[in-house]
1. For q = 0.28 Å⁻¹, what log10 I(q)/I(0) does the stretch 248-290 give under the Debye formula with an equal point scatterer on each alpha carbon and no solvent?
2. Set the Förster radius R0 to 41 Å, insert the Cβ-Cβ distance between E412 and E237 as r into 1/(1 + (r/R0)^6), and round the FRET efficiency to 0.05.
3. Over all alpha-carbon pairs of the stretch 351-410, lay out the pair-distance distribution in 5 Å bins, whole %, shortest bin first.
4. Quick one: what does P(r) look like for the stretch 314-425 with 10 Å bins over all Cα pairs, in whole %?
5. Using the Kirkwood radius built from alpha carbon pairs, what does the Stokes-Einstein equation give as D for the stretch 176-328 at 37 °C and 0.692 mPa s, in µm² per second?
6. Rolling a 1.4 angstrom probe over the protein heavy atoms, how many square angstrom per residue are accessible across the chain?
7. Which ³J(HN,Hα) values in Hz, rounded to whole numbers, follow from the phi angles of the stretch 387-404 under the Karplus curve 6.51 cos²θ - 1.76 cosθ + 1.60, where θ = phi - 60° and Gly and Pro get x?
8. With 27 Å as the cut-off, how large is the P(r) tail for the chain, expressed as percent of Cα-Cα pairs?
Amino acid sequence: MTDPWVALEPGADPVERVRTLRRAHEAFTQGGAVTRPVRSVVADSWRRSARAGVGPEGTARVDLTDGDLGSYRAEHPLARVMPLVRELLGTFAADGEHLLAVCDAQGRLLWVEGHPATRRRADGMNFVPGARWAESEVGTNAPGTAVAVDRPVQVFAAEHFIRQVQPWTCAAAPVHDPRTGRVIGAIDITGGDGLAHPHSLGFVQAVARAAESQLALLAPPGAPADALQLTALGRDEAQLLVAGRKVRLSRRHSEILVLLARHPEGLSGDELLCDLYEDESVTPVTLRAELARLRRLLGPGLLGSRPYRLMVPVESDVAIVERRLETGAVTSAVTAYGGPLLPGSQAPAVARLRHRLAEGLRTALIARRDPDLLADWAHAPWGEEDLDVWRALAALRPTPTVRARLRELEAELRAPAGWAQRRRT
């Protein structure tokens, strides 16, 4: 393929393509490897789908109905650009007997509109407003995969992971918050094989960019052009991205920013003292000196006082992992987890957050029962001695290596205090 994101190039035989894709899909779902001519973007998606426990006979579940759906849609930022999306895609969908669909960042369909007969057909596979079409729920599909990989993508016929979706073809493009760059959803066009053309992918991508431009114009006056981006997982000294400038923070400044990012309403000096210092003899003067140094480092207008707070939005890798866990996106939460939060920090509030985040992840991993995800955690530096995870992995993948490591950990658990340390030295 000239363009790996396009499903079917002009001149290709769609009937033959469907035939080869069905054979490849059947081989993969029966435990085989992904074979040619499956595109790499589809092969990767199939693997993610399988790891998430999606079965080829599955179906989408409806998360939101009636009043809950209406309230959620009304508050979603994409509601503000739906008139534009309908103007650009509505006629194309109706005339071509296609569907226009818009989903949120979790792959939940918010609007599904278009040709009435096509909508009735789509109802049979729960391609309806309020249904969850995330990759982790229903496997490879254009809106779910677009938000998973943050790229415009086409999915043609048997490239879909679930068999009941394989008569359809779709193209989707993610939409980003113009201020923070975060994915807030995707715009999708779904219909028949005629959509398997480079033009349909380019068209839906252009509509997504138009929606982003409209969102930027609708931003409230005085909205910050750039949010702060904080990376604090798996490192003792956090990194802050400020207006394109990377700032490496000291450990204390890292702790302060992690806490302020979690409290956009601000924290008083006494609250920060309690959160940061185990030693109760530390005085407010010490904290004020740290904050003065941090204010000079960040530049003017970013750090407020009374209470201490950040004056612009902050996106952190901690918040990303938490959001994904809350929505059940365990695979993407683990992918975003770069390691324990500021592992060398002894600040009481940071230590509590570090423990809560790690416990949430490992609990979700054990419950998910995905051997690949468990293995990734067990072989990471922070999971090498996680007995519960090794036990869960051994139950699903009892290889000699896994069983040997589990026996070793259980022996250390039974050994007298200090034995394991002496053994390592």
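1. Relative scattering, expressed as log10 I(q)/I(0), comes to -1.13.
2. Numbers: r = 31 Å, r/R0 = 0.76.
After rounding, the FRET efficiency stands at 0.85.
3. All Cα pairs, binned at 5 Å, distribute as 4, 21, 31, 24, 13, 5, 2, 0 percent.
4. Spelled out per bin, shortest first, that is 13, 39, 33, 13, 1.
5. D = 181 µm²/s.
6. Numbers: 19950 Å² over 425 residues.
Here the per-residue accessible area is 47 Å².
7. These are the phi-based 3J(HN,Hα) values: 4, 4, 5, 5, 5, 5, 5, 5, 5, 9, 9, x, 6, x, 5, 5, 5, 5 Hz.
8. Summing the P(r) tail past 27 Å for the chain gives 60 percent.
The values are calculated or read from the model by the stated rules, or taken from the named source; none is laboratory data. Since the structure is predicted, the reported quantities are computational estimates derived from the model, not experimental observations. Here the Cβ is made from the backbone with ideal geometry for all residues, glycine too, and neighbour counts use every protein chain on show. Ligands, DNA and RNA are stripped out before the accessible areas are found, and what is left, the full protein with its side chains, is counted by its heavy atoms. Shrake-Rupley method; radii C 1.70, N 1.55, O 1.52, S 1.80 Å.
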